[in-house]
1. Filter the range A:97-126 for residues that are touching a residue at least 40 places away in the same chain (Cβ under 8 Å) and either closer than 16 Å to B:Leu90 by Cβ or surrounded by fewer than 18 Cβ atoms within 10 Å (Cβ to Cβ) (or both) and give the result.
2. Identify the single condition in (1) within 14 Å of chain B (Cβ to nearest Cβ); (2) crowded, with 17+ Cβ neighbours inside 10 Å that A:Arg85 does not satisfy, given that it satisfies every other one.
3. Report every pair of residues separated by at least 6 positions or lying on different chains whose Cβ atoms are under 9 Å apart, first residue within the range B:89-110 and facing chain A (nearest Cβ under 10 Å), second among the charged types (D, E, K, R) and outside any helix (DSSP H, G or I).
4. Please state which one of B:Ala35, B:Ala48, B:Ala5 is part of a helix (DSSP H, G or I) and small (Gly, Ala, Ser).
5. Restricting attention to the range A:127-146, which residues are away from chain B (no Cβ under 14 Å) and either aliphatic (A, V, I, L, M) or in contact (Cβ under 8 Å) with a residue 60 or more places away in the chain (or both)?
6. Filter the range A:26-79 for residues that are without any contact (Cβ under 8 Å) to a residue 12 or more places away in the chain and either part of a helix (DSSP H, G or I) or closer than 20 Å to B:Gly57 by Cα (or both) and give the result.
7. Examine the range B:25-39 for a residue that is under 20 Å from A:Gln55 (Cα atoms), away from chain A (no Cβ under 14 Å) and surrounded by fewer than 18 Cβ atoms within 10 Å (Cβ to Cβ), and state whether such a residue exists.
8. Being surrounded by 17 or more Cβ atoms within 10 Å (Cβ to Cβ), facing another protein chain (nearest Cβ under 9 Å) and over 25 Å from A:Asn77 (Cα atoms) is the filter here, so list the residues in the range A:15-56 that pass it.
Amino acid sequence: MTSPLRLVVRRTPAIPVEVSVRVPGDLEIVHEAAELLTRHCCAGLTPSPLTQKLQFRLKTLLCEALTNAIRHGIHENPARWVGVRVELTGELAQVHVTDDGAGFDPRSVVPPLDPNDLDRESGRGLFIIRQLADDVTFNPQGNSICMTLRRR
Amino acid sequence: MAFSAAKTNGVLVVHVEGQLIVGNRQELKQLVQEALDHGERKFLIDFAKAGYIDSSGLGALVSISKKVRETGGELRLSGLNDDLRSLFELTKLDTLFAINDGLTQALAGF
């Protein structure tokens with residue numbers, strides 16, 4: 001089966017490398033998209049334990065944000081798309097994941113960290129994103145997340 | 001095939017090969033549910049050949065753990081690499097699961 005994912009790479013004076021892809025509303029394709037983007041964004045880095053850590057963090061941010069956008073933003077509708085854009089500038093990687101859904105209030109998401117609440121099956125994605133990213137912001141509508149990683 | 005299962009010393013050992021993710025988590029839940037229906041009560045899920053678990057995979061393990069406990073059974077996990085273990089620690093799921101470094105140690109824990 002042909003993959004529906006098409007990477008677009010742009011280079012501008014302001015942003016040395018910008019990698020973007022549109023992902024259809026199918027949870028089955030989340031990991032393929034996250035791996036494709038991670039591989040591309042880390043292609044020039046020298047292999048080391050630190051690089052491996054960075055790859056794990058980037059892949060996880062992509063997986064969790066894409067899963068949330070597809071599941072909650074566009075309700076797993078395969079005819080709709082989620083946009084992913086990664087900007088690589090010097091020491092920073094900024095990952096934008098945007099859907100065309102109604103958005104949500106990120107402050108309303110309470111992760112199941114209480115010992116009595118650990119049995120809850122869902123609700124960990126955004127918490128993991130906040131733990132692994134150096135900075136996380138949302139647009140006012142709540143349908144676009146920007147996650148910053150320092151490539152240290 | 002992402003999962004393979006074999007019985008060792010009365011324990012159903014499930015090997016996760018590759019990843020436990022949003023796209024295949026139902027398969028693992030189904031495998032354990034069918035084993036529970038057939039009377040299995042001791043489960044070890046080994047991640048030595050797994051490179052990745054996402055939050056949906058963690059959620060599936062939470063659900064499996066609950067079902068195993070409800071039937072009076074026992075579940076242990078083993079073989080998590082440092083990255084995967086860090087996910088359990090930061091979500092505090094290391095307090096919910098019995099986690100061992102290796103398969104032999106985990107089997108001895110039952």
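The values are calculated or read from the model by the stated rules, or taken from the named source; none is laboratory data. Given the structure is predicted, the values throughout are model-derived calculations rather than measurements. Every residue, glycine among them, receives a Cβ derived from its backbone with ideal geometry; neighbour counts consider all protein chains shown.
1. A:Asp100, A:Ala102, A:Gly103, A:Gly125, A:Leu126, listed by residue number.
2. That leaves (1) as the condition not met.
3. Here the result reads B:Thr91/A:Arg124; B:Lys92/A:Asp114; B:Leu93/A:Arg124; B:Leu96/A:Asp119; B:Phe97/B:Arg76, each pair linking the range B:89-110 to a residue that is among the charged types (D, E, K, R) and outside any helix (DSSP H, G or I).
4. B:Ala35
5. A:Val136, A:Asn143, A:Ile145
6. A:Glu28, A:Arg39, A:Pro49, A:Thr51, A:Gln52, A:Lys53, A:Phe56
7. no
8. A:Phe56
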